[in-house]
Amino acid sequence: MYHTMASIIMSPAAEPPKKVCVVGAGMSGLAAARELRREGHAVTVMEQCGDVGGQWLYDPRTDADDLLGAAVPVKVHGSMYASVRLISPRECMGFSDFQFVPRCGGAAAGRDARRFPGRREVYCYLKDFCVAFGLDDAVRLNTRVVRVAMAPQSSGGAAGDVKWQVTSVRVEPKGGEDGEAVEEVFDAVVVANGHYSQPRLPKIQGMEEWSRRQLHSHSYRVPDPYRDEVVVIVGCADSGLDIALDLSGVAKEVHLSAKSVEAATTTPAVSKMLANHAGIMRLHPPVGRLCEDGRVVFADGSCVVADTVIYCTGYVYSFPFLDTGGVVTVDDNRVGPLFEHTFPPALAPSLSFVGVPMRVFAPWFFEAQARWVAQVLSGRAALPPEQDMLRAVQEDYRAREMAGFPARYSHDIGLFKGTEIRGFVKRYTDLPDMEDWKMELFLTALGNMNEDRETFQDNEDYSDNVREGVRRWLSVAGAQYQAAISAAAAPSDGDADADVAQVVPLHKPMPVPLKSEL
């Protein structure tokens with residue numbers, strides 16, 4: 001990938017503070033809000049749900065009229081299912097100065113101290129982050145952004161002085177009619193609405209005629225509705241395997257359909273799953289067609305009569321509110337052009353994206369993106385010229401194409417070149433690097449998952465180097481976390497510690513504990 005020193009030179013000329021709109025109050029949106037405020041910008045975060053957390057805010061609702069999630073945008077934003085646990089260790093999943101340490105007790109009763117906690121623990125962590133850095137007053141809840149477009153330019157304005165007109169509506173939490181549209185003008189917009197809401201649906205013969213239940217994993221929540229059913233799961237990645245395991249305790253049969261049976265069984269994990277649930281779970285090649293009589297026919301000619309088909313086929317980037325006149329597009333799930341997955345060259349720095357990259361260490365990577373955006377907007381960092389940024393984007397596309405990666409994987413950084421994750425953070429920010437013991441922990445956990453998906457989250461077999469790293473981490477990061485929470489609570493509550501969760505040591509020398517497609 002092309003890089004220029006101009007992209008990291010600190011500019012001596014500070015810009016006046018900007019009025020910035022952040023779309024979304026999930027992990028990436030909160031990271032953006034914190035970094036923008038640190039640079040002195042006036043921040044408004046617009047969040048369509050009734051609380052912060054993005055996908056980690058569990059929503060039991062589904063759109064019963066659109067279980068496939070075919071409408072754009074979907075009516076129900078959340079895609080989290082109830083059983084989700086992290087598949088990355090919590091030690092690798094925190095902000096640089098507010099680590100994801102285990103917590104329990106106090107107002108945070110019900111917290112999950114495991115190394116691979118459930119979904120609610122991540123939500124609680126993000127809520128604590130809001131408290132620690134005073135972000136609540138920046139977030140407008142139940143506010144849906146319906147349009148972001150370039151504002152009409154005033155006469156005499158500079159060519160690059162782009163402002164943005166943001167139209168939003170108040171969302172009625174109980175499902176009533178939305179409020180009247182409100183229009184506001186901002187100096188800059190940060191798009192941070194995530195990419196796990198709009199389902200990617202396959203094209204399978206007979207989908208339109210099949211009269212039995214079909215849904216995307218976006219609409220899956222709990223296993224009980226599928227009790228004693230024959231369920232076909234299309235897709236054998238993280239969510240497909242998770243949901244198959246979730247259903248194995250209630251369904252009559254679970255049939256997994258993979259793009260390639262050979263590829264699905266290259267690691268022992270899938271083979272062990274099939275062996276452990278041999279009476280219920282079976283693996284098949286791709287689905288060839290769906291028949292009106294309920295049969296699901298696979299590519300090898302075999303078939304089953306199914307009650308439900310669940311498509312665990314991933315998600316697409318979707319920004320239905322964003323109107324850039326064709327400058328930024330989504331083509332084959334590539335958002336572009338984006339310099340370093342963050343800035344559209346022709347509209348930088350007034351428009352930026354935080355949270356587009358996949359297979360990165362979140363929220364640390366999003367924090368780095370947000371810090372870079374905030375410093376560019378304040379004039380403390382400078383971007384390369386537009387043409388240089390465009391050239392860098394094209395070079396990145398060519399490199400991925402030569403490596404055999406389709407366009408739809410353009411933002412999958414970890415899959416293409418894992419070293420770019422740490423390289424990006426080092427190039428554009430002063431954030432501390434990911435420690436070696438954390439990398440070892442992550443890679444060991446990944447190896448354990450490939451060996452046995454059902455037990456890896458409770459595996460305590462880590463090296464002495466990792467154990468010592470965790471010991472230091474718990475001491476230093478735990479005290480840092482508590483200090484941030486206590487300092488935020490102190491001005492309004494003289495007994496701050498009574499209402500905040502305490503840092504707890506893990507119950508064993510190596511604790512057990514993002515199971516997720518997220």
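The values are calculated or read from the model by the stated rules, or taken from the named source; none is laboratory data. It should be emphasised that the depicted structure is a prediction, and the values quoted were computed from it without experimental measurement. Heads up, the Cβs are rebuilt from the backbone with ideal geometry, glycines too, and the neighbour counts pull from every protein chain shown. Note: accessible area is taken over every heavy atom of the protein model, side chains too, but ligands, DNA and RNA are not part of it. Shrake-Rupley method; radii C 1.70, N 1.55, O 1.52, S 1.80 Å.
Applied to the stretch 221-235, the Karplus parametrisation 6.51 cos²θ - 1.76 cosθ + 1.60 on θ = phi - 60° returns per-residue 3J(HN,Hα) values of 10, 9, x, 3, x, 10, 4, 6, 9, 9, 10, 9, 10, 8, x Hz, with x for Gly and Pro. Can you tell me how the stretch 253-359 classifies by the Cα gyration tensor, rounded, prolate or oblate, using a/c under 1.5 as the rounded cut? It comes out prolate by the Cα gyration axes.
Accessible surface for the stretch 349-505, divided over its residues, is 44 Å² per residue with a 1.4 Å probe. For the stretch 196-295, the list of GluC sites (Glu not before Pro) that fall in a loop by DSSP and count at most 15 other C-beta atoms within 10 angstrom reads Glu208, Glu209, Glu292. Rounded to the nearest 20 debye, the dipole magnitude of the stretch 331-393 is 180 debye, with +1 charges on Lys and Arg beta carbons, -1 on Asp and Glu beta carbons, and the Cα centre as origin.
In a DSSP loop and with at most 12 other Cβ atoms within 10 Å, the trypsin sites (Lys or Arg not before Pro) in the stretch 174-213 are Lys174, Lys203.
Suppose every K and R has +1 on its Cβ and every D and E has -1 on its Cβ; what is the size of the dipole of the stretch 171-295 about the Cα centre, in Debye to the nearest 20? The calculation lands at about 1000 debye. Residues whose amide H comes within less than 5 Å of that of Met150, counting only those at least five positions distant or on another chain, are Gln165 (H built at 1.01 Å from N in the peptide plane).
Could you list, in their original order, any pairs among Lys417/Lys438; Lys203/Lys417; Lys75/Lys203; Lys19/Lys438; Lys174/Lys252; Lys127/Lys163 whose Cα atoms are separated by more than 25 Å? Listed pairs above 25 Å: Lys203/Lys417; Lys19/Lys438; Lys174/Lys252; Lys127/Lys163. In whole angstrom, how far apart do the alpha carbon centroids of the stretch 389-455 and the stretch 297-338 sit? That distance is 22 Å. Sorting Lys19, Lys259, Lys75 by solvent-accessible area of protein heavy atoms yields Lys259, Lys75, Lys19, largest first, with a 1.4 Å probe. Ranking Ser197, Leu351, Ile413 by Cα position along the charge dipole of the chain, where only Lys, Arg, Asp and Glu carry charges on their C-beta atoms, puts Ile413 farthest toward the positive end.
DSSP assigns beta bridges within the stretch 199-298; of those with both partners inside it, close to 25 percent run antiparallel. Put a plus charge on the Cβ of each Lys and Arg, a minus charge on the Cβ of each Asp and Glu, and nothing anywhere else: the dipole of the chain about its Cα centre is then about 400 debye. Heavy atoms of the protein chains alone define the surface here; on that basis the stretch 12-150 has 34 Å² accessible area per residue at 1.4 Å probe size. Charged neighbours of Val185, selected by a Cβ distance under 10 Å, balance to -1 (K, R count +1; D, E count -1).
Helices in the chain, meaning DSSP H runs of at least 4 residues, each add -39500 (n - 2.57). Divided by all residues, the mean residue ellipticity at 222 nm is -8500 deg cm²/dmol. Residues Thr265, Thr143, Thr455, sorted by accessible area with the largest first, give Thr455, Thr265, Thr143 [1.4 Å probe; ligands and nucleic acids excluded].
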